[in-house]
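K.L.:
Before we start, here is the structure in question, set down as structure tokens.
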Amino acid sequence: VLKRAGYHTAIVGKWHLGLESPNTPNERGFDFFHGFLGDMMDDYYNHRRHGINYMRRNSEVVDPEGHATEIFTKWTCEYLQGRTPDQPFFLYLAYNAPHSPIQPPEDWLKRVQAREQGISPKRAKLVALIEHLDDAVGRVLHTLKQTGQDRNTLIVFSSDNGGALYFGANNGPLRDGKGTMYEGGLKVPTAVVWPGHIRPGSRTDLMALTMDIYPTLCEAAGARFDHPIDGVSFLPTLLGKKQPPLRKEWFFRRREGGLAFGGKTIEAVRRGDWKLLQNSPFGPMELYNLRQDPLEKHNVIQKERKVYRELAAALRRHIQRAGAVPWQSPETMFGK
């Protein structure tokens, strides 16, 4: 969509949407790819997954040295420095950090330990990995300024989930964290910068989903598409205008293999202040009123049966609709 609008499209960092044709970045709309085809790395310094090197420059196998965060930052800055003012660009920068393994550079770890006396070794490593990432983002922004592109670039910084408590993350008072259907796992902040358009320091409580970023950026870029999507642009909110809620019902689902899930799902649906969830495929449904109980301490599913039935029906309809899209290829599920 952005290419049709005259944009050069690039991705640096983690891909995680396919290891081979036809699901490589260059075949899925990106002019340029410099990054990691796989999901998590087994080591931030050797960049392997199950012993396989998935580092690529387009389709070329590359084997760089150094910490993955440093490498992706270097590649990003090189891309920005090579841009010409006459062609706009879209760059998707996806760091592996702070995903496990929690492996910060040693000097960053020592800095955190010296500054925060008594911090647990586990949390110190996570804080160091995040601060290392934060510094990398700062260098990218500095390169934008050096190249004169900072005043005309819209920047979105976000995360796909809350912090992982088992690695020492702190999600404030919110319940639980990454991998769960509680607010500590789902609710994340997002920062957006667009000089001359978004008022510096402004804030909003408008709720959006990650998929809403796509139509927002398309609208900002003047890129049009005619196919139906579930995402809704929140550009009016960014520009300081009033905007109604983006949707009536909000759905969250996660499917995993392995022993914990066995290919089953966990899910949540939110409508207004009400949220119904099942945090384990083998556990009970839970119902919370987030206005009265934002920390999800009081399960009221036995008291609010009408609300439960309505939300359960909505969730069932969504699951049925989503089931039209197979999560595995027919060859994987049934054999060739």
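K.L.:
So which of A124, A114, A128 ends up being touching a Phe, Trp or Tyr at 6+ places or on another chain (Cβ under 8 Å), at pLDDT 95 or above and aliphatic (A, V, I, L, M)? Show your work before the answer.
P.N.:
Details: A124 fails: touching a Phe, Trp or Tyr at 6+ places or on another chain (Cβ under 8 Å); A114 fails: touching a Phe, Trp or Tyr at 6+ places or on another chain (Cβ under 8 Å).
Just a single option satisfies the conditions, and that option is A128.
K.L.:
Of the residues Q278, Q243, only one is farther than 30 Å from L154 by Cα and polar (S, T, N, Q); which?
P.N.:
Values: Q243 fails: farther than 30 Å from L154 by Cα.
None of the others qualify; the one that does is Q278.
K.L.:
Quick one: is E310 in a helix (DSSP H, G or I), surrounded by 13 or more Cβ atoms within 10 Å (Cβ to Cβ), of a type in the set (D, E, K, R) and touching a residue at least 12 places away in the same chain (Cβ under 8 Å)? So that I can check it myself, show each step before the final result.
P.N.:
Working: in a helix (DSSP H, G or I): yes; surrounded by 13 or more Cβ atoms within 10 Å (Cβ to Cβ): yes; of a type in the set (D, E, K, R): yes; touching a residue at least 12 places away in the same chain (Cβ under 8 Å): yes.
Yes: the conditions hold for E310.
K.L.:
Determine which member of the set D134, D176 is on the phi > 0 side of the Ramachandran plot, at pLDDT 95 or above and open to solvent by 50 Å² or more (accessible area, probe 1.4 Å). Show your work before the answer.
P.N.:
Numbers: D134 fails: on the phi > 0 side of the Ramachandran plot.
Residue meeting the stated conditions: D176.
K.L.:
Restricting attention to the stretch 144-173, which residues are outside any loop (DSSP other than H, G, I, E, B) and either modelled with pLDDT under 95 or among the charged types (D, E, K, R) (or both)?
P.N.:
Looking only at the stretch 144-173, we keep the residues that are outside any loop (DSSP other than H, G, I, E, B), and these are 144-146, 150-152, 155-157, 165-167.
Within the stretch 144-173, K145, D150, R151, N152 meet the criteria.
K.L.:
Report, by residue number, each residue of the stretch 179-192 that is buried (at least 16 other Cβ atoms within 10 Å of the Cβ) and either touching a Cys at 6+ places or on another chain (Cβ under 9 Å) or not in a loop (DSSP other than H, G, I, E, B) (or both).
P.N.:
E183, G184, G185, L186, V192, listed by residue number.
K.L.:
Something else about it: Six or more apart or on different chains, Cβ under 7 Å: which pairs go from a residue in the stretch 44-64 that's aliphatic (A, V, I, L, M) to one that's part of a loop (DSSP other than H, G, I, E, B) and buried (at least 16 other Cβ atoms within 10 Å of the Cβ)? Could you list them?
P.N.:
Close Cβ pairs satisfying both conditions: M55/H47.
K.L.:
Out of all the residues in the stretch 218-247, which are within 26 Å of R271 (Cα to Cα), of a type outside the set (A, V, I, L, M) and surrounded by 11 or more Cβ atoms within 10 Å (Cβ to Cβ)?
P.N.:
Passing the criteria: D230, G231, S233, F234, P236, T237, G240, Q243, P245, R247.
K.L.:
If you don't mind, another one. So, A208, is that one assigned to a loop (DSSP other than H, G, I, E, B), open to solvent by less than 50 Å² (accessible area, probe 1.4 Å) and at pLDDT 95 or above or not?
P.N.:
Yes; evaluated as a whole, the condition is true for this residue.
K.L.:
List every residue pair whose Cβ atoms lie under 6 Å apart, where the two residues are 6 or more positions apart in sequence or sit on different chains, the first residue falls within the stretch 276-297 and is within 15 Å of K187 (Cα to Cα), and the second residue, located anywhere, is open to solvent by 50 Å² or more (accessible area, probe 1.4 Å) and among the charged types (D, E, K, R).
P.N.:
L290/D273; R291/D273; L295/R175; E296/R175
K.L.:
How many residues does the stretch 11-31 hold that are surrounded by fewer than 19 Cβ atoms within 10 Å (Cβ to Cβ) and in contact (Cβ under 8 Å) with a residue 12 or more places away in the chain?
P.N.:
First, the residues of the stretch 11-31 that are surrounded by fewer than 19 Cβ atoms within 10 Å (Cβ to Cβ): 16-24, 26-29, 31.
When the remaining residues are screened for being in contact (Cβ under 8 Å) with a residue 12 or more places away in the chain, the result is 16, 18-19, 24, 26, 29, 31.
Final tally of qualifying residues: 7.
K.L.:
Can you tell me which residue in the stretch 142-173 is farthest from T265 (Cα to Cα), limited to those that are among the hydrophobic types (A, V, I, L, M, F, W, C) and open to solvent by 60 Å² or more (accessible area, probe 1.4 Å)?
P.N.:
As a first pass, look at the stretch 142-173 and keep what is among the hydrophobic types (A, V, I, L, M, F, W, C): 144, 154-157, 164-165, 167, 169.
Subset that is open to solvent by 60 Å² or more (accessible area, probe 1.4 Å): 157, 165, 167.
On the way: F157: 28, L165: 21, F167: 23 Å.
Within the stretch 142-173, the match that is farthest from T265 (Cα to Cα) is F157.
K.L.:
While we're on this one: Could you say whether any residue in the stretch 45-64 is closer than 30 Å to D226 by Cβ, surrounded by 13 or more Cβ atoms within 10 Å (Cβ to Cβ) and basic (K, R)? Before you say what the answer is, go through the steps one by one.
P.N.:
Start the filter on the stretch 45-64 by keeping residues that are closer than 30 Å to D226 by Cβ, which leaves 58.
Narrowing the set further to residues that are surrounded by 13 or more Cβ atoms within 10 Å (Cβ to Cβ) leaves 58.
Checking the rest, the ones that are also basic (K, R) come to none.
No, the stretch 45-64 contains no residue that is closer than 30 Å to D226 by Cβ, surrounded by 13 or more Cβ atoms within 10 Å (Cβ to Cβ) and basic (K, R).
The values are calculated or read from the model by the stated rules, or taken from the named source; none is laboratory data. Just so it is clear, the model here is predicted, and its values are computed rather than measured. Positions of Cβ are backbone-derived with ideal geometry, glycine not excepted, and every protein chain shown enters the neighbour counts. Surface areas here come from the heavy atoms of the whole protein model, side chains and all, with no ligands, DNA or RNA. Shrake-Rupley method; radii C 1.70, N 1.55, O 1.52, S 1.80 Å.
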